[in-house]
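Before any comments, here is the structure.
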Amino acid sequence: MEEGSMGALVPAVKSEGNTGSSHALQSGSGERNTVEGGRGSETTDREFLCPICMQIIKDAFLTSCGHSFCYMCIITHLDNKNDCPSCASSLTTNQLFPNFLLNKLLKKTSASQASKTASPLEQFRQALLQGYEVSVKELDTLLSLLSEKKRKLEQEEAEKNMQNLVEFLQCLRKKKIDELSEVQNDVKYIKEDISLVERHRIELYRARDRDNLLVPSGKSQGIQMKEASSGLSSQHTTSQSSLAVTRKKRVQSQFNDLQQCYLQKRRQVANPLQNLDKMDADSSQREGYSSGLSDFQSVLSTFTQYSRLRVIAELRHGEHFHSANIVSSIEFDRDDELFATAGVSRRIKIFDFSTIVNEPPEVHCPVVEMPTRSKLSCLSWNKHTKNHIASSDYEGIVTIWDVNTRQSVMEYEEHEKRVWSVDFSKMDSSMLVSGSDDCKVKIWCTKQESSAINIDMKANICCVKYNPGSSNHIAVGSADHHIHYYDLRNTSHPLHIFRGHQKTVSYVKFLSNAELASASTDSTLRLWDVTRNIPVRTLRGHTNEKNFVGLSVNNDFLACGSETNEVYAYHKAISKPLTWHRFGAPNVEDSDEDGGSYFISAVCWKNDSPTMLAANSLGTIKVLVLAP
């Protein structure tokens, strides 16, 4: 590019000198004077340069040999040598003299250059300050011109301001009209839905009344049943009334989020294509509800159904209070019959879930226990081969274990640093993915000993997860605060990078083929749509600033830990916690750590169930269930 530019410029200069020689000789003296004046100016400028610093001389001093320098330049030179920099004659500081004439010329030259570059107004101001004579008539003319110029400038400025104001007001009017239109449509949808719900509720009341008319034959039997059931009916009514009040309070506490959820779902289905209007209307009349209202009813019912996490079982992962009991990962197997735990204790422990829930604590022992060489960070059950489970450890090794034989089936040692996450594909039982502190994501196949695909990234990898509906798509959470979504058929660049977290992304989990959840040490959970590549919602309430506290998803619900030793449950449509449970404080006298340093370290939902497992940094594992 530079060569091309130079080639274009140089011929132009040569052409002007060759072809225009006769023209230059014939041109007027003014042009020749201008050129000569310019050359003379350049020569004069060179004469004013200090031979030492090659800048315009400042505070000129003359040597005994007749050369001029900046005072500071020549003094600095004479500190090291005793000769003139120009002619090498012997020179001392006693042979330096102020060059008053040169200093005067330099000041005049500087003032002349300043006047040439000054604006006409500045030149006129300088002339007045220097005593330039101006008549009253000339001043009146000048003031008149300035006044007219000022008036025009003020008018132009006022017109611009008015234009900006008009554009702002027009934009504001359009925005408010759009908002009004949206509100009017929302009100119309709400009225329609109220009518539908009221009609459906009346039908339910009538059905209940019809059931009440089916009285058993025999008057005495009816009286006996009425007397027997009167007490239970009263208790049931009181209980139902209390439950209704609780649910109403729960709705009011999260009203804004529920309102946003309703309007979002209702608007999605409120504007069908013109040729589908009638069909959708008929469908709504036939089924009673629109799909948007039906979806929101499902959200509202599941959200108000639960208000707390109830403990139904508890076990200890270790015998003493120390950091070796930290459970880093807890996972249910394919059939939710067994669950595995692993952590810094260098052991994988397999428990029978029904035994933990139904048997007394003294028989809460692992059915399988497998020692490992290093601390473990993550577990992943094979979704097809029930007895296979994969682990990742602090030495960078990914291992596949056979729970039946209690032996390793395959070990992968390509990672150079600690592996934080491993996950089996749901669609292809032979494929698994891992992510490491070496900034590499590796895809493994159980049928070969080396990695099948390598993805080099710029930051530490903290979590990886296969899309449950595809063996070609993975989500990668990184220390760069982003989630990278890859198609394994082309790993040169991600399909999309989801940005929004302010700190390291510690977990990624899929709620469905299109919905992705992520956790970060910025104390938030975020939901993303991986089909439209957009953020959906941010969930806040727990505390997570430095530790891995776990993340698990189950249909509409998410669970995560907190550094306050609490486990939190969220509904995916609501940004605030549904409920939470605090692990009991241990006996601090028996503990080696401060009681305030404990945190939830792992969580796992039981598939399609309100039941979850949660473990904390003391090794305490609780079985919790969402309850009214």
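The values are calculated or read from the model by the stated rules, or taken from the named source; none is laboratory data. What you are looking at is a predicted structure, and each value in this text was computed from that prediction instead of being measured. Don't worry about glycine lacking a Cβ; one is built from the backbone with ideal geometry, like all the others, and counts go over all protein chains shown. These area figures cover heavy atoms from the full protein model, side chains too; ligands, DNA and RNA do not enter into them. Shrake-Rupley method; radii C 1.70, N 1.55, O 1.52, S 1.80 Å.
Name the residues in the stretch 137-147 that are within 18 Å of PRO120 (Cα to Cα) and open to solvent by less than 100 Å² (accessible area, probe 1.4 Å), would you? Of everything in the stretch 137-147, those that are within 18 Å of PRO120 (Cα to Cα) and open to solvent by less than 100 Å² (accessible area, probe 1.4 Å) turn out to be LEU139, THR141, LEU142, SER144, LEU146, SER147. You will find that of LYS417, LYS426, LYS386, the residue that is touching a Lys or Arg at 6+ places or on another chain (Cβ under 6 Å), surrounded by fewer than 16 Cβ atoms within 10 Å (Cβ to Cβ) and of a type outside the set (Phe, Trp, Tyr) is LYS386 and no other.
Those residues that are under 15 Å from ASP336 (Cα atoms) and among the polar types (S, T, N, Q), I need them from the stretch 604-628; list them, please. ASN607, SER609, THR611, listed by residue number. Would you check if VAL441 is modelled with pLDDT of 95 or more and buried (at least 23 other Cβ atoms within 10 Å of the Cβ)? Considered against the rule, which asks whether it is modelled with pLDDT of 95 or more and buried (at least 23 other Cβ atoms within 10 Å of the Cβ), VAL441 comes out as yes.
Against the conditions (1) among the hydrophobic types (A, V, I, L, M, F, W, C); (2) at pLDDT below 90; (3) in contact with a helix residue (DSSP H, G or I) (Cβ under 6 Å, 6 or more places away or on another chain), where does PHE255 fall short? Just the number, please. All conditions pass for PHE255, except number (3). Which residue out of GLN170, GLN184 is closer than 30 Å to VAL269 by Cβ, open to solvent by 80 Å² or more (accessible area, probe 1.4 Å) and either modelled with pLDDT under 70 or part of a helix (DSSP H, G or I) (or both)? The match here is GLN184.
The listed residues are ARG151, ARG125, and the only one of them that is surrounded by 10 or more Cβ atoms within 10 Å (Cβ to Cβ), of a type in the set (Lys, Arg) and modelled with pLDDT of 85 or more turns out to be ARG151. Pairing residues of the stretch 478-501 that are in contact (Cβ under 8 Å) with a residue 24 or more places away in the chain and at positive phi with residues that are in a loop (DSSP other than H, G, I, E, B) and open to solvent by less than 40 Å² (accessible area, probe 1.4 Å), at Cβ distances under 6 Å and at least 6 apart in sequence or on separate chains, gives HIS481/HIS501.
Here's the yes/no breakdown for (1) more than 27 Å from ILE453 (Cβ to Cβ); (2) within 38 Å of the chain's Cα centre (by Cα); (3) part of a strand (DSSP E or B):
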site	(1), (2), (3)
ASP336	yes, yes, no
SER345	yes, yes, no
ILE348	no, yes, yes
PRO366	yes, no, no
HIS384	no, yes, no
ASN404	yes, no, no
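Within the stretch 485-544, being among the charged types (D, E, K, R) and closer than 15 Å to CYS463 by Cβ holds for LYS503, LYS509, ASP522, ARG526. In the stretch 443-559, counting only strands (runs of 3 or more DSSP E) that sit wholly within it, the ones holding 2 or more residues that are within 20 Å of SER391 (Cα to Cα) and in contact with a Cys (Cβ under 6 Å, 6 or more places away or on another chain) span 505-510, 551-554.
This table checks each residue for (1) without any contact (Cβ under 8 Å) to a residue 60 or more places away in the chain; (2) hydroxyl-bearing (Ser, Thr, Tyr); (3) open to solvent by 10 Å² or more (accessible area, probe 1.4 Å).
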| residue | (1), (2), (3) |
| --- | --- |
| PHE296 | yes, no, yes |
| LEU300 | yes, no, yes |
| CYS365 | yes, no, yes |
| SER380 | yes, yes, no |
| ALA390 | yes, no, no |
